[in-house]
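The values are calculated or read from the model by the stated rules, or taken from the named source; none is laboratory data. Quick caveat: nothing in here was measured; it's all calculated off a predicted structure. Virtual Cβ from ideal backbone geometry, glycine too; neighbours counted across all protein chains shown. Please note that ligands, DNA and RNA were not included when accessible areas were found on the heavy atoms of the full protein model with its side chains. Shrake-Rupley method; radii C 1.70, N 1.55, O 1.52, S 1.80 Å.
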Amino acid sequence: MSEPTARVARIDSDEPTGRVPRVDSDGDPTLIVRRPIIDMQQLWKTYRPGSLDVHALRGVTLTVDEGEFVAIMGPSGSGKSTLMHIMGCLDIPTRGSYKLDGEDVSKLSENSLARIRNREIGFVFQQYNLLARLTAWRNVELPLLYARVPGAERRRRALAALDQVGLSARAEHRPTQLSGGQQQRVALARALVTDPALLLADEPTGNLDTAAAAEILGLLQELHRAGRTVVLITHEPEVAAVADRTLRIRDGQLEPAEIAA
Amino acid sequence: MRWRDTLGSGVEAIIGHGLRSLLTILGIMIGIAAVILTVGLGEGAQSSVNSAISALGSNLLVVTPGSTTSSSGVRGGFGTASTLTLADADALGSKKVAPNVIAVAPQAETVEVLTAGSTNWTTTMVGTTASWLTVRDRQVQEGGFFTRPEVSGADDVVVLGSTTASELFGAESPIDQTITANGVTLTVIGELTTAGSSGSTNLDDMAIVPITTAQQQVFTGTFATSVSTIYCEASSAAGLSGAYQEIDDELLSAHHIVEPSAADFTITSQTTIASTANSVNRTLTDLLAGVAGISLLVGGIGVMNIMLVSVTERVREIGLRKALGAAPTDIRRQFLVEASSLGLLGGIGGVLVGFIGTVVLPHLQSNPVSLSIPATIGAVFVAIAIGLTFGVYPATRAARLSPIDALRSE
């Protein structure tokens, strides 16, 4: 695992003003100075598809500290996706408060949520969600377009992000010319390019074979070791196992027993 | 998102769906080209009418018989009465009566069958005086026109229009040949220079004889006693209103009419003829432009249709862009830019087709086509506006999509 270490080192050098937290000289993550990135208090989410209220979340309270790697596990229908949507600022809770990196985002307007998603959150989806007509680096630069970053800097940062995931050689390839694992790495680079406070991966290995899945999980672990805050949503225990801490959700509530890594 | 990047991604999306974009652009293009060409045709027709009217002669006043009221109270249309006579024309020709009128040409006309050898040709036979040539601003190409003595002598001479001459004599020179009309043998003494057509009247298909000859020998019935038109040429443009007054006064008194509103004749000037003809033209142009406008509207609906398809097709992309930080405004702008670019491209294409049309069309039909620069510039802006207008709804729909639902869709 000497090569990944080299990549991690590049994260630091590429992002001098980034969010990678203060690490002691040995790079030991246990000595990271911690503060909460996610702070959810008594979150409720209620849908009213008909006349009956459906509670997707029933009072979820959870905190994720800076630099943590947390997995959220649950069967389908458990409220896992709803939690992910609110965590990723794609949706707002019906009740309760949610502070993301210190900012209360539970009552923001759609435009403000878009800004938060752009700056604070890096998404990785199961379906990769790359735009087929754009090359790898053009896909990676997309979030920077919405951050109004000038063209030359976008390209520089997109290439740096591709380098972090080991795909600099494929910058000019289109998604169809890449394997599933490579596509997911491009998606990971896209999530990293804005240097977000939180990396939110929703079943990132769901469409991948074992080898490619291991590769992606390895990358997530490296990023975590370099100080990234990562939340991984999955239904597979073996995937959740790579995280430091696993939270289980069932019927819209977190199960009390937390498994520390 | 910065404007430059928004434009870039709009153009990319258009190129990305090449064929579809092209067809949409084609819709706008046809509409714009149709507008440019109909406006061009209208303006061309207007200028040709204007030149045809000025070809009537300069500073011309045209006196036509007024209307009659029959005993049953039915009022006939203008020109149905035969109230003007050669005597009226003679009176107007007098320097004392009408000093502002420098030349008078009465004209009586019927349709006659002319025979030259074994050839027959039906044409308008015009009986007039020697001053017709100058008053109507025409030239003789070959031979000459009849003179004052020939008119007073009621000589059996005729001057032919170029079409009439070639129909009767082919390539042969008509001069000194003879033709027969209504049993009267006439000698051809001249051929007029080609003048083209004015509205539905072919100015080159006529046979002109001294009015005396016409009335005494050729014409029958009321045509033998009255004239259908008296052309009066005023001394100058400034003398037109004076001449008008003199003609009016003289004819009222000659016809023993006290009340000017009961006049049995009508005096028109070139300006009134021109404005009437132009207003007819304008109506036609407006009508055509309306039809062209409808095709433009259809083009606009095409843009809306394609943009809606594009939004539906890219729901997932929109969801992703929103997840990555696109605000509703960014999405709306992206689609509006795309729609207005389609409009702009259609506009430019339409202008090009319009340009080609203005060059090609005059070869395919008789009416001239002129290119109106303001209409062209306007058309491009209209095209952009159409793209923009019909893009608003699809763009708003895209902007309103929830990122979650959009990402979930397949």
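When we screen B:LEU296, B:LEU342, B:LEU324, B:LEU336 for residues that are within 14 Å of another protein chain (Cβ to nearest Cβ) and buried (at least 22 other Cβ atoms within 10 Å of the Cβ), the only hit is B:LEU324. It is to be established whether one or more residues within the range B:20-41 are assigned to a helix (DSSP H, G or I) and within 14 Å of another protein chain (Cβ to nearest Cβ). Within the range B:20-41, one or more residues are assigned to a helix (DSSP H, G or I) and within 14 Å of another protein chain (Cβ to nearest Cβ). Just one residue in the set A:GLU120, A:GLU153, A:GLU110 is of a type in the set (Asp, Glu) and at pLDDT below 90; that residue is A:GLU110. Taking the range A:38-63 as the range and being in a strand (DSSP E or B), surrounded by fewer than 22 Cβ atoms within 10 Å (Cβ to Cβ) and not hydroxyl-bearing (Ser, Thr, Tyr) as the test, the residues that pass are A:ILE38, A:ASP39, A:GLN41, A:GLN42, A:TRP44, A:VAL54, A:HIS55, A:ARG58, A:GLY59, A:LEU62.
When A:ALA169 is tested against (1) over 30 Å from A:GLY102 (Cβ atoms); (2) at pLDDT below 90, exactly one condition is not met: (2).
Filter the range A:140-195 down to the residues that are of a type in the set (Gly, Ala, Ser) and within 14 Å of chain B (Cβ to nearest Cβ), then identify the one that is nearest to the chain's Cα centre (by Cα).
Step one: filter the range A:140-195 for residues of a type in the set (Gly, Ala, Ser), giving A:147, A:151-152, A:158, A:160-161, A:166, A:168-169, A:171, A:179-181, A:187, A:189, A:191.
Retained after the next criterion (residues that are within 14 Å of chain B (Cβ to nearest Cβ)): A:147, A:151-152, A:158, A:161, A:187, A:189, A:191.
Working: A:ALA147: 18, A:GLY151: 25, A:ALA152: 26, A:ALA158: 17, A:ALA161: 15, A:ALA187: 11, A:ALA189: 11, A:ALA191: 7 Å.
If we take residues in the range A:140-195 being of a type in the set (Gly, Ala, Ser) and within 14 Å of chain B (Cβ to nearest Cβ), then A:ALA191 is nearest to the chain's Cα centre (by Cα).
Taking the criterion of being of a type in the set (Val, Ile, Thr), open to solvent by less than 60 Å² (accessible area, probe 1.4 Å) and either modelled with pLDDT of 80 or more or in contact with an Asp or Glu (Cβ under 7 Å, 6 or more places away or on another chain) (or both), the only residue of the range B:354-369 that qualifies is B:THR358. When restricted to residues that are among the small types (Gly, Ala, Ser) and either within 9 Å of chain B (Cβ to nearest Cβ) or on the phi > 0 side of the Ramachandran plot (or both), the range A:94-111 contains 2. Consider the range B:370-410 and keep the residues that are within 14 Å of chain A (Cβ to nearest Cβ) and in a loop (DSSP other than H, G, I, E, B). The one that is most open to solvent (accessible area, probe 1.4 Å) is B:GLU410. Taking the range A:66-112 as the range and being more than 22 Å from A:GLN184 (Cα to Cα), in a helix (DSSP H, G or I) and open to solvent by 10 Å² or more (accessible area, probe 1.4 Å) as the test, the residues that pass are A:THR82, A:GLU110, A:ASN111, A:SER112.
Within the span defined as the range B:143-166, every residue fails to be farther than 17 Å from B:THR213 by Cα and aromatic (Phe, Trp, Tyr).
Out of all the residues in the range B:91-142, which are among the hydroxyl-bearing types (Ser, Thr, Tyr) and part of a helix (DSSP H, G or I)?
Here is the first cut: in the range B:91-142, the ones among the hydroxyl-bearing types (Ser, Thr, Tyr) are B:94, B:110, B:115, B:118-119, B:122-124, B:128-129, B:131, B:134.
Once the filter is applied, which keeps residues that are among the hydroxyl-bearing types (Ser, Thr, Tyr) and part of a helix (DSSP H, G or I), the range B:91-142 yields only B:THR134.
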